[in-house]
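Enquirer: Have a look at this one.
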């Protein structure tokens, strides 16, 4: 028994003349919103308010970004602006040449602080004492 394999499954069917069903719904919705705006607000203010609606409807119907429909771009933008964001900082690895040049300029200290005890407070106190002595020596040499 032979089966027919569907071809062109990613192409939507043209139902309303040259428009697909989604394109027709977007365009019909934009046109009806424009008519409602003109009826309620008058000709000048109605056209002024209907113009962004018609442009959005045309973009939803025909505009594609990176070969994806514009509605997906709007959905992604909406999610981006409404969801919480998590910012993660990644420390950059510094190569030895830039570390030596920055240490020579006095920008960064090349001092490695060992863990002397299990107490963070004692380690911090020791680190501050060492840096204080370094600063005093630096001041004397200048």
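The values are calculated or read from the model by the stated rules, or taken from the named source; none is laboratory data. Note that the structure is predicted; figures quoted are calculated from it, not measured. Backbone-built Cβ (ideal geometry, glycine too); neighbour counts: all protein chains shown.
Here's the yes/no breakdown for (1) modelled with pLDDT under 90; (2) in a loop (DSSP other than H, G, I, E, B); (3) in the same structural domain as residue 18 (by TED's automatic domain parsing); (4) within 19 Å of residue 33 (Cα to Cα):
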position	(1), (2), (3), (4)
57	no, no, yes, yes
76	no, no, yes, no
87	yes, yes, no, no
93	yes, yes, no, no
98	yes, no, no, no
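Enquirer: Continuing with this model, one more query. Can you tell me which residue in the stretch 25-68 is surrounded by the fewest Cβ atoms within 10 Å (Cβ to Cβ), limited to those that are closer than 19 Å to residue 10 by Cα and in contact (Cβ under 8 Å) with a residue 12 or more places away in the chain?
Expert: Within the stretch 25-68, the match that is surrounded by the fewest Cβ atoms within 10 Å (Cβ to Cβ) is 62.
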